[in-house]
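Asker: My questions will all concern the structure given below.
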Amino acid sequence: MNYPVSVVLRDGGHHNFILREDEVDAFDASSAWQWIAQAFEEAGLEPPSPTGKILLKDQIMMLALEQKPADWATPTAALRKFLAAVVKSLGRPTVTIDLLNYKL
């Protein structure tokens with residue numbers, strides 16, 4: 001099974017990716033959440049809420065916003081791993097990361 005992921009950039013640009021089953025199945029739901037949380041922390045990002053609480057959606061969106069447009073054009077193995085973690089953590093067969101409208 002393949003997993004389609006679409007990314008809409010802030011400038012309206014659009015990228016489509018097809019993740020392989022083995023990329024997504026490298027994670028279980030828990031390890032995908034943990035990978036995203038660790039990537040968020042390593043990127044030095046701060047929760048948008050003054051209480052310090054952060055939702056998975058916000059972690060995903062903020063990590064995606066950290067990518068440069070060129071990163072999406074030629075995805076690295078690390079970017080594909082991020083997208084695989086997103087797919088597995090959300091438990092959806094398809095995902096759209098809409099950076100223009102800040103929604104999943």
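The values are calculated or read from the model by the stated rules, or taken from the named source; none is laboratory data. All values derive from a computational prediction rather than experimental measurement. We place every Cβ from the backbone using ideal geometry, glycine too, and count neighbours over all the protein chains shown.
Conditions tested, residue by residue: (1) touching a Phe, Trp or Tyr at 6+ places or on another chain (Cβ under 6 Å); (2) among the aromatic types (Phe, Trp, Tyr); (3) under 16 Å from Asn16 (Cβ atoms).
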position: Thr51; (1), (2), (3): no, no, no
position: Leu55; (1), (2), (3): no, no, no
position: Ala73; (1), (2), (3): no, no, yes
position: Val87; (1), (2), (3): yes, no, yes
position: Val95; (1), (2), (3): no, no, yes
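Asker: Which residues, counting only those in the stretch 35-85, are among the small types (Gly, Ala, Ser), in contact with an Asp or Glu (Cβ under 7 Å, 6 or more places away or on another chain) and within 19 Å of Pro4 (Cα to Cα)?
Answerer: From the stretch 35-85, those among the small types (Gly, Ala, Ser) are 37, 39, 43-44, 49, 52, 64, 70, 73, 77-78, 84-85; that's our starting set.
Going one step further and asking which of them are in contact with an Asp or Glu (Cβ under 7 Å, 6 or more places away or on another chain), we end up with 43, 84.
Matches in the stretch 35-85: Ala84 only.
Asker: With closer than 14 Å to His15 by Cα, modelled with pLDDT of 95 or more, surrounded by fewer than 18 Cβ atoms within 10 Å (Cβ to Cβ) and not acidic (Asp, Glu) as the only criterion, which of Thr96, Thr74 stands out?
Answerer: The conditions single out Thr96.
Asker: Where residues in the stretch 6-50 are aliphatic (A, V, I, L, M), outside any loop (DSSP other than H, G, I, E, B) and touching a residue at least 40 places away in the same chain (Cβ under 8 Å), which of them is farthest from Asp71 (Cα to Cα)?
Answerer: Our first condition is that a residue be aliphatic (A, V, I, L, M); within the stretch 6-50, this holds for 7-9, 18-19, 24, 26, 29, 32, 36-37, 39, 43, 45.
Restricting the remaining residues to those that are outside any loop (DSSP other than H, G, I, E, B) gives 7-8, 18-19, 24, 29, 32, 36-37, 39.
Going one step further and asking which of them are touching a residue at least 40 places away in the same chain (Cβ under 8 Å), we end up with 7-8, 19, 24, 29, 32, 36, 39.
Numbers: Val7: 12, Val8: 13, Leu19: 16, Val24: 20, Ala29: 25, Ala32: 21, Ile36: 18, Ala39: 16 Å.
Here the residue is Ala29.
Asker: When you go through Lys57, Lys81, Lys88, Lys53 one by one, which is the residue that is of a type outside the set (Asp, Glu) and in a loop (DSSP other than H, G, I, E, B)?
Answerer: Testing whether each residue is of a type outside the set (Asp, Glu) and in a loop (DSSP other than H, G, I, E, B) leaves just Lys53.
Asker: I would also like to ask the following. Select from the stretch 60-76 the residues that are assigned to a loop (DSSP other than H, G, I, E, B), out of contact with any helix residue (DSSP H, G or I) (no Cβ under 9 Å at 6 or more places or on another chain) and under 13 Å from Ile97 (Cβ atoms) and list them in ascending order.
Answerer: Across the stretch 60-76, the qualifying residue is only Glu66.
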